[in-house]
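Visitor: Quick one: structure below, then a few questions.
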Amino acid sequence: MTTKISKISEIQHHTGEHTIAGIRFKPARQAMGVSAWGMNVIEFDPRCDGYPEHDHKHDGQEELYVVLEGSIVLIADGSETVIEKGTLVRVAPESRRKFVTREHGATLLALGATPGKAYAPDPRMG
């Protein structure tokens, strides 16, 4: 089959090691059979600040986030920006980034790959 259709609600979230309270990582890449880039759906509860601050200097990965539901605060390079449903945000590899929610939760689609390199999944994530 060359076409796959799935509802986000049907994708089981990651459990076990590296689970973060208030955050559900849904491995959308694996669920959809994508092999060219990384892709997760991340659901955040209200008042969640557990998303780890990080950058991708070590692997050069660019990330694009799409707010699917709610609103969320992006903290990047020392600035805070509220991003809302329907907004796209590209974050460069060297930029430190973190997401937090305030009174409402949010759902993000996170896409990532390294320019000029074939995609290889993080072995810790499957």
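Visitor: Where residues in the stretch 1-44 are hydroxyl-bearing (Ser, Thr, Tyr) and out of contact with any helix residue (DSSP H, G or I) (no Cβ under 9 Å at 6 or more places or on another chain), which of them is farthest from residue 69 (Cα to Cα)? Walk me through how you get there before you give the answer.
Guide: Step one: of the stretch 1-44, the residues hydroxyl-bearing (Ser, Thr, Tyr) are 2-3, 6, 9, 15, 19, 35.
Restricting the remaining residues to those that are out of contact with any helix residue (DSSP H, G or I) (no Cβ under 9 Å at 6 or more places or on another chain) gives 2-3, 9, 15, 19.
Details: 2: 28, 3: 25, 9: 13, 15: 22, 19: 21 Å.
Filtering the stretch 1-44 for residues that are hydroxyl-bearing (Ser, Thr, Tyr) and out of contact with any helix residue (DSSP H, G or I) (no Cβ under 9 Å at 6 or more places or on another chain), the one farthest from residue 69 (Cα to Cα) comes out as 2.
Visitor: Among the numbered conditions (1) surrounded by fewer than 16 Cβ atoms within 10 Å (Cβ to Cβ); (2) over 25 Å from residue 3 (Cβ atoms); (3) among the small types (Gly, Ala, Ser), tell me where residue 71 comes up short.
Guide: The single condition residue 71 does not satisfy is (1).
Visitor: If you go through the stretch 32-62 one residue at a time, how many are within 14 Å of residue 111 (Cβ to Cβ) and touching a residue at least 12 places away in the same chain (Cβ under 8 Å)?
Guide: 12
Rundown of residues vs (1) in contact with a strand residue (DSSP E or B) (Cβ under 7 Å, 6 or more places away or on another chain); (2) part of a loop (DSSP other than H, G, I, E, B); (3) more than 22 Å from residue 91 (Cα to Cα), yes/no style:
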{"residue": "15", "(1), (2), (3)": "no, yes, yes"}
{"residue": "25", "(1), (2), (3)": "yes, no, no"}
{"residue": "34", "(1), (2), (3)": "no, yes, no"}
{"residue": "41", "(1), (2), (3)": "yes, no, no"}
{"residue": "48", "(1), (2), (3)": "yes, yes, no"}
{"residue": "51", "(1), (2), (3)": "yes, yes, no"}
{"residue": "57", "(1), (2), (3)": "no, yes, no"}
{"residue": "60", "(1), (2), (3)": "no, yes, no"}
{"residue": "65", "(1), (2), (3)": "yes, no, no"}
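All of the numbers you see were taken from the coordinates with simple rules; none came from a lab. The structure presented is a predicted model; accordingly, all values stated were derived computationally and were not measured. A quick note on method: Cβ atoms are made from the backbone with ideal geometry, for glycine too, and the neighbour counts reach across all protein chains shown.
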